[in-house]
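Encoded as structure tokens, the structure appears first; notes follow it.
The values are calculated or read from the model by the stated rules, or taken from the named source; none is laboratory data. The model shown is predicted, which means the values in this text are computed figures rather than measured ones. FYI the Cβ positions are ideal-geometry reconstructions off the backbone, even for glycines, and counts take in every protein chain you see. The area values use the complete protein model at the heavy-atom level, side chains included, leaving out ligands, DNA and RNA. Shrake-Rupley method; radii C 1.70, N 1.55, O 1.52, S 1.80 Å.
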Amino acid sequence: MTLSESAAAPAPREVRRDELVNWLNDYLQISAFKDPSLNGLQIEGSETVRRLAASVDTSARTLQDAADSGADMLLVHHGLFWGQPLAVTGPHARRLQIALSAGLNLYAAHIPLDAHPEVGNNAMIARALTLQNLEPFGEWAGGKIGLAGELPFPQSLQDFADRVQKLTGEICLVHGGGSPQVRRLGVLSGSGAGSIPEAAAMGLDTVLTGEPEHKHFHDGFEYGVNVVYAGHYETEVFGVRALAARIEDEFGLPWQFLHHPSGL
């Protein structure tokens with residue numbers, strides 16, 4: 001054996017696609033949630049996975065970037081299928097063509113990734129904010145997918161919004177409908193403005209969520225609850241990144257995050 005042979009890099013780790021998909025389905029408990037998203041493997045590609053990519057959204061750009069990166073599987077929060085048949089035409093056809101021609105597997109986890117207690121969007125945000133005394137929050141189809149908790153010490157609403165901005169990189173929209181001090185808050189990533197009445201009933205002073213909805217504009221002011229909107233996209237980058245890192249721990253697969261912010 002030559003010196004160059006003995007010093008050669010070890011063969012990359014790989015896992016069978018079906019083994020990884022079964023592990024993901026079990027770990028995320030995807031069958032436990034009512035969800036318009038078709039959670040799980042949405043596009044079947046190569047039978048072995050050596051490298052992962054992760055993205056919040058599925059688009060022609062994210063699929064092409066995943067293929068160009070050498071990934072065998074793209075993990076996403078927002079997949080391609082949402083409970084209705086789609087003709088394979090136009091942009092939808094283009095997206096499928098990119099994935100199929102590259103042998104790229106597409107795995108989507110929507111509500112299961114919001115709600116997951118370890119790698120979920122809301123769990124990761126709550127951890128980053130060092131929330132204490134956590135309890136379920138955010139009604140969804142008979143269950144709770146968000147978290148409520150207490151800050152270690154009160155903060156002014158502006159200081160809290162600045163802290164969230166540093167965490168997400170998104171300039172927050174702040175509706176100061178409640179106390180000027182933030183102490184007890186609910187976290188519900190993405191589109192959670194409808195949770196304001198629930199927050200008021202729980203005695204929370206603030207809701208942290210992603211995007212505003214006009215039909216809920218008055219709720220925060222009339223229920224006496226602050227609402228900090230930090231961006232739908234930016235509040236949902238946490239889950240796919242944490243999930244990819246968890247897979248790396250479990251299977252030794254390298255991964256990269258494909259960051260394509262929507263500004264929404």
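Before moving on, here are some points about what is shown:
- Mean accessible surface per residue for the chain, computed with a 1.4 Å probe while every protein chain stays in place, in Å²: 47 Å²
- Ligands, DNA and RNA left out, the 1.4 Å accessible surface of segment 128-264 is 53% carbon and sulfur atoms.
- Taking all protein chains together and a 1.4 Å probe, the residues M73, M124 rank M124, M73 from largest to smallest accessible area.
- Springs between Cα atoms under 10 Å define the GNM used for the chain, and in it the highest mean-square fluctuation of T130, T168, T209 occurs at T130.
- When the surface is traced with a 1.4 Å probe over the full set of protein chains, D57 keeps roughly 50 Å² accessible.
- Positive contributions from Lys and Arg (+1) and negative ones from Asp and Glu (-1), summed over other residues with Cβ under 12 Å from the Cβ of E236, come out at -4.
- Among P197, P85, P154: highest mean-square fluctuation, GNM of the chain, C-alpha pairs under 10 Å: P85
- Computed with the Debye formula from one identical point scatterer per Cα of the chain, without solvent, the log10 of I(q)/I(0) at q = 0.10 Å⁻¹ comes to -0.54.
- Counted charge near A126, where neighbours are those whose Cβ lies closer than 15 Å (Asp, Glu -1; Lys, Arg +1): 0
- Across segment 119-191, the mean sequence separation of Cα contacts (distance under 8 Å, 6 or more residues apart), normalised by length, yields a relative contact order of 36 percent.
- Structure-based [θ]222 nm, the chain - -39500 (n - 2.57) summed over DSSP H runs of at least 4, per residue, nearest 500: -10000 deg cm²/dmol
- Of all DSSP beta bridges confined to the chain, the antiparallel ones make up roughly 50%.
- Calculated FRET efficiency for the pair D26/S179, C-beta based, R₀ 51 Å, to 0.05: 0.75
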